[in-house]
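What follows is a single structure, written as structure tokens, with notes after it.
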Amino acid sequence: MLATLLSTGGNITSIILWLPQAKQTWKYRHNKQALAGLSYQTIVIGILNTLFWGANGLATHNLGLAFGTVFILPTTLLTLLLKYRADNQKQERYYE
């Protein structure tokens, strides 16, 4: 029971930490310069981290570990997509 409460608390704080990043990425999704500080490597590590913790939660039947994946993974994947689109926006327009 304590492990579930601790892992749930950890996931809630991870979600809270990710919210400002997701909000800024969405707000500036068409602005390559504004998203220049985002690192692809950090986003990918965030995706892997979420997948590992989610898999661990499922494997150990600890839903507190797994539930954060429901929010963090789609948000992180969206951040990756928006950064990629912003970075390649001028190139796409150049070829049109």
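Relative to the longest principal axis of the Cα atoms of the chain, helix 40-59 runs at roughly 20 degrees.
Surface exposure of the chain, expressed per residue as accessible area with a 1.4 Å probe, stands at 71 Å². Computed from label points 7 Å out along Cα-Cβ, the spacing between Leu81 and Ala36 is 2.6 nm.
Which entry in [x] 54; [y] 40; [z] 49 is this structure's computed percent of Cα pairs over 17 Å apart? The value computed from this structure is option [x].
Rounded to the nearest whole Hz, the Karplus-based 3J(HN,Hα) values (6.51 cos²θ - 1.76 cosθ + 1.60, θ = phi - 60°) of the stretch 65-72 follow the sequence 6, 7, 5, x, 4, 4, 9, 5, with x at glycine and proline. Protein heavy-atom surface of the chain, 1.4 angstrom probe: 68% of the accessible area is carbon and sulfur, with nucleic acids and ligands not counted. In this label model, Leu5 and Leu63 are separated by 1.8 nm, measuring between points 7 Å along each Cα→Cβ vector.
Each residue of the stretch 9-25 is assigned a 3J(HN,Hα), and the resulting list reads x, x, 5, 4, 5, 5, 4, 4, 5, 7, 3, x, 5, 5, 5, 5, 4 Hz, derived from the Karplus form 6.51 cos²θ - 1.76 cosθ + 1.60 (θ = phi - 60°), x at Gly and Pro. Length gained on full extension, Ile15 to Leu48, computed as 0.36 nm times the residue gap minus the Cα-Cα distance: 10.4 nm.
The values are calculated or read from the model by the stated rules, or taken from the named source; none is laboratory data. Not measured: the values here are computed from a predicted model. Ideal geometry is used to build each Cβ from the backbone, glycine not excepted, and the neighbour counts take in all protein chains shown. In case anyone asks, the SASA skips ligands and DNA or RNA and just uses the protein heavy atoms, side chains included. Shrake-Rupley method; radii C 1.70, N 1.55, O 1.52, S 1.80 Å.
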